[in-house]
């Protein structure tokens with residue numbers, strides 16, 4: 001229990017560092033979060049959320065590195081494609097999301113390599129992405145639906 005509590009504090013610290021003004025610290029925190037996510041399943045959802053939130057970082061370099069890290073995660077754990085796509089979808093449909101963050105998120109989703117293997121998402125992931133694209137297109141073309149959500 002003590003180790004879990006310390007790990008939780010460490011992840012909280014990482015999350016705080018990702019919001020720092022110094023790009024160097026943000027970059028180190030993001031890389032550490034990626035490494036933890038890749039190697040340890042402990043607090044997977046929180047670490048993934050930290051990374052996905054950085055898709056909306058004002059710094060293009062940070063957002064680009066997050067895209068790279070997430071694609072690297074797929075090489076190590078191809079079964080996480082659906083989970084990551086779901087997290088990015090949740091991020092994408094947030095109200096008041098900056099256009100740059102939307103753009104980066106859609107580009108990231110577009111670059112996910114699809115596979116026939118069920119373990120890598122299979123046809124279900126492809127359907128999910130198509131539905132997501134259409135929903136997002138509808139949201140962009142009809143801004144009134146955003147207020148209803």
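Taking a ≥ b ≥ c as the square roots of the eigenvalues of the Cα gyration tensor of segment 10-62, is the shape rounded (a/c under 1.5), prolate (a/b larger than b/c) or oblate? All intermediate terms of the calculation are to be shown ahead of the outcome.
Working: a/c = 1.94, a/b = 1.65, b/c = 1.18.
Prolate, since a/c reaches 1.5 and a/b exceeds b/c.
For every helix of n ≥ 4 consecutive DSSP H residues, a contribution of -39,500 (n - 2.57) applies; sum these over the chain, divide by its total residues, and give [θ] at 222 nm rounded to the nearest 500 deg cm²/dmol.
Working: 8 runs with 109 residues, N = 149.
Mean residue ellipticity, 222 nm, calculated: -23500 deg cm²/dmol.
Which whole-number value in Å³ per residue fits the convex hull of the alpha carbons of the chain? The partial results should precede the final answer.
Working: hull volume 17.6 nm³, N = 149.
So the per-residue hull volume is 118 Å³.
Is segment 28-95 rounded, prolate or oblate when judged by the Cα gyration tensor, a ≥ b ≥ c being the square roots of its eigenvalues, rounded requiring a/c under 1.5 and prolate requiring a/b larger than b/c? Walk me through the numbers on the way to the answer.
Numbers: a/c = 1.56, a/b = 1.18, b/c = 1.32.
Oblate shape, in that a/c is at least 1.5 and b/c is the bigger or equal ratio.
In a GNM of the chain with a 10 Å cut-off on Cα contacts, which of 117, 128, 81 has the highest mean-square fluctuation?
117
State the Cα centre-to-centre distance between segment 102-123 and segment 41-78 in whole Å.
Their Cα centres are 14 Å away from one another.
With a 10 Å cut-off between alpha carbons and a GNM built on the chain, which of 62, 130, 50 moves the most?
Evaluated over the chain, the most mobile residue of the options is 130.
Given a cut-off of under 8 Å on Cα pairs at least six residues apart, what relative contact order in percent is computed for the chain?
Values: 116 pairs, mean separation 24.6, N = 149.
This gives 17 percent for the chain.
Since every read-out is calculated from the coordinates, none of them should be taken as a lab result. Keep in mind that this is a model prediction, so the values were computed, not measured.
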